[in-house]
Amino acid sequence: MLQVIVVTQLNIYKKNIMERLKNEYDQVNGKLLMKAVRLHEFGGPEVLRYEDAPRPELGPGEVLVRVHAVGLNPPDWYLRDGFKSLPPEWRPQVPFPIILGTDISGVVEAIADDVQGFAIGDEVYSMVRFFSVGESKAYAEYVSVPVSELALKPAGIDHIQAAAAPMSLLTAWQYLVDVGHNQPNPLQQNKHQPVPLEGKKVLVNGAAGGVGHLALQIAKLKGAYVIAVASGKHKQLLHELGANEVIDYTETAPEDVVRDVDVVLDTVGGPTTGRFLRTLKRGGVLFPVYPLGFSDAAEAEKAGVTVSATQVRSSGAQLTELANLLNDGKIRVVIDSTYPLSDARKAHERAAQGHIQGKIVLTVV
Ligand SMILES: NC(=O)c1ccc[n+]([C@@H]2O[C@H](COP(=O)([O-])OP(=O)(O)OC[C@H]3O[C@@H](n4cnc5c(N)ncnc54)[C@H](OP(=O)(O)O)[C@@H]3O)[C@@H](O)[C@H]2O)c1
């Protein structure tokens, strides 16, 4: 009797192993597989497919990361949609199927021979390969990361918070404190120049969103007086994050009541960003985070205001510096909502509703 039970258990065990191997290996190409969310065509959230995909192979200068969480950003839905909101000359060729996403937190699984400074088992976070398409990306169980884009995860926060940070935090930092790289700026000819914030009056528009809630905290850290603009439901959070004043734009247009500020960081941007020119003093700066559609250059010159934008670039060095601020709670990442990787579609549906408070994150394991 005992022998029968043992043999049956062994058969079940063998069957499970075979099933797992079948799942992890592509029978046709003999390659290791993983779960990922891929696009085979452009469209709404319904085109996001949770399916098997080849595991990325490790190239020179790269680290393979087992992903624990993925932070979402607007470029994810711009790409899913076929970059409809971007000018045609910005729309890259897309070699379907592709994996979406840039921001990850996870654990180092393997390291290329020429890479130093990381070890298997390290907890890491990164903004991976922004603005490239078709290579190893974030909505997946594994991602290969160029080592220059990788940093140790802040130990004091979990993978969800760490994955939520990279693009939004690097954007706020590169706009307000330090560009930190010498790559060409596709948004303007000259290099973007942050300004000192100590003792300055800073207005952050879209202050509860991914970039906005981190920009507000950075401006406070650097000694600024901060006016936060958002819809009313975020008021308490924005005060908790340090805002000196909060304007509910659904009740009061900020451009009607604010004057003489030194810096406006407009995370909403677009064609309406010019309305903030009248809130700035002469010598002030307007930083539209989404600058496409700005057409008030002549008015800005008349008002003596500098308008400047930049496109975020990954930097392991900056993420290492910022990890200290995240670690000791000087900067707090607010989580709007989380979804399993397999529900990426629901996460994109949440994003499409707008009014995001902080960040949306996918959990992977
Ligand atoms: N230049 C770059 O490299 C770069 C990098 C990252 C992001 N971006 C761009 O920056 C923009 C913001 O990104 P994000 O990740 O922060 O987006 P997000 O998380 O969606 O945040 C946008 C925020 O704006 C608020 N908002 C919407 N309409 C508003 C209005 N009329 N006035 C004031 N606030 C308003 C929303 O909430 P409430 O309406 O409830 O207040 C939301 O919290 C996107 O267009 C993105 O593409 C650019």
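The values are calculated or read from the model by the stated rules, or taken from the named source; none is laboratory data. On a predicted model such as this, the values are computed, not experimentally measured, just so you know. Here the Cβ positions follow ideal geometry from the backbone for every residue, glycine too, while neighbour counts run over all protein chains shown. Accessible surface areas use protein heavy atoms only, side chains included; no ligands, DNA or RNA. Shrake-Rupley method; radii C 1.70, N 1.55, O 1.52, S 1.80 Å.
Going through Asn185, Asn205 one at a time, which residue ends up being within 15 Å of the ligand (Cβ to nearest atom) and modelled with pLDDT under 95? Before the answer, list the steps.
Working: Asn205 fails: modelled with pLDDT under 95.
The match here is Asn185.
Name the residue that is modelled with the lowest pLDDT, counting only residues in segment 25-50 that are charged (D, E, K, R) and in contact with a strand residue (DSSP E or B) (Cβ under 6 Å, 6 or more places away or on another chain).
Taking the candidates together, the pick is Asp26.
What number of residues within segment 40-69 are open to solvent by less than 40 Å² (accessible area, probe 1.4 Å), in contact (Cβ under 8 Å) with a residue 60 or more places away in the chain and more than 13 Å from His348 (Cα to Cα)?
10
Do the conditions hold for Leu325, that is, is it away from the ligand (no atom under 15 Å from the Cβ), closer than 21 Å to His181 by Cβ and open to solvent by less than 50 Å² (accessible area, probe 1.4 Å)?
Taking the combined requirement at face value, the residue satisfies it.
State which residue is least open to solvent (accessible area, probe 1.4 Å) when the search covers only segment 249-263 and only residues that are in contact with a Ser or Thr (Cβ under 6 Å, 6 or more places away or on another chain) and within 14 Å of the ligand (Cβ to nearest atom).
Among residues in segment 249-263 that are in contact with a Ser or Thr (Cβ under 6 Å, 6 or more places away or on another chain) and within 14 Å of the ligand (Cβ to nearest atom), the one least open to solvent (accessible area, probe 1.4 Å) is Val258.
With (1) modelled with pLDDT of 95 or more; (2) away from the ligand (no atom under 13 Å from the Cβ); (3) open to solvent by 30 Å² or more (accessible area, probe 1.4 Å) as the list, and Ala219 as the residue in question, which single condition is left unmet?
(3)
Out of all the residues in segment 132-169, which are within 16 Å of the ligand (Cβ to nearest atom), of a type in the set (A, V, I, L, M) and either open to solvent by less than 10 Å² (accessible area, probe 1.4 Å) or on the phi > 0 side of the Ramachandran plot (or both)?
Result: Ala138, Ala163, Ala164, Ala165, Leu169.
So how many residues does segment 113-132 have that are under 15 Å from the mean Cα position of the chain (by Cα) and over 24 Å from Val333 (Cβ atoms)?
Adding up the residues that qualify gives 1.
Give me a count of the residues in segment 233-244 that are more than 15 Å from the ligand (Cβ to nearest atom) and either assigned to a helix (DSSP H, G or I) or under 19 Å from the mean Cα position of the chain (by Cα) (or both).
Selection size over segment 233-244: 1.
Here is a list of conditions, (1) more than 26 Å from Pro146 (Cα to Cα); (2) open to solvent by 30 Å² or more (accessible area, probe 1.4 Å); (3) not hydroxyl-bearing (Ser, Thr, Tyr), and Ala347 meets all of them except one; can you say which number that is?
Tallying (1) more than 26 Å from Pro146 (Cα to Cα); (2) open to solvent by 30 Å² or more (accessible area, probe 1.4 Å); (3) not hydroxyl-bearing (Ser, Thr, Tyr), Ala347 fails exactly one: (2).
On the basis of being over 15 Å from Val333 (Cβ atoms), buried (at least 23 other Cβ atoms within 10 Å of the Cβ) and in contact with a Leu (Cβ under 9 Å, 6 or more places away or on another chain), does Ile227 make the cut?
Criteria met by Ile227.
If a residue counts only when it is touching a residue at least 12 places away in the same chain (Cβ under 8 Å), which helices (runs of 4 or more DSSP H) contained entirely in segment 254-365 have at least 3 such residues?
Result: 297-303, 316-327, 344-352.
Within segment 115-164, track down each residue that is modelled with pLDDT of 95 or more and of a type in the set (Ser, Thr, Tyr).
Of everything in segment 115-164, those that are modelled with pLDDT of 95 or more and of a type in the set (Ser, Thr, Tyr) turn out to be Tyr125, Ser126, Tyr139, Tyr142, Ser144, Ser148.
Which pairs have Cβ atoms under 8 Å, sit 6 or more apart or on different chains, and link a residue in segment 201-216 that is open to solvent by 10 Å² or more (accessible area, probe 1.4 Å) to one that is more than 7 Å from the ligand (Cβ to nearest atom) and part of a helix (DSSP H, G or I)?
Short answer, once both residue conditions are applied: Gly210/Ala164; Val211/Ala172.
Of Gly284, Gly316, which residue is in contact with a Leu (Cβ under 6 Å, 6 or more places away or on another chain) and either open to solvent by less than 20 Å² (accessible area, probe 1.4 Å) or more than 30 Å from Gly44 (Cβ to Cβ) (or both)?
When all the criteria are applied, what remains is Gly316.
Counting only residues that are near the ligand (Cβ under 9 Å from one of its atoms) and in contact with a Pro (Cβ under 7 Å, 6 or more places away or on another chain), which one in segment 264-291 is nearest to Lys201 (Cα to Cα)?
Step by step, filter segment 264-291, then rank; the result is Asp266.
Has segment 231-242 got at least one residue that is over 30 Å from Gly106 (Cβ atoms), in contact with a strand residue (DSSP E or B) (Cβ under 8 Å, 6 or more places away or on another chain) and charged (D, E, K, R)?
Yes, segment 231-242 contains a residue that is over 30 Å from Gly106 (Cβ atoms), in contact with a strand residue (DSSP E or B) (Cβ under 8 Å, 6 or more places away or on another chain) and charged (D, E, K, R).
Would you mind stating whether Ala230 is within 10 Å of the ligand (Cβ to nearest atom), free of Cβ contacts under 8 Å to residues at least 60 places away in the same chain and small (Gly, Ala, Ser)?
Yes: the conditions hold for Ala230.
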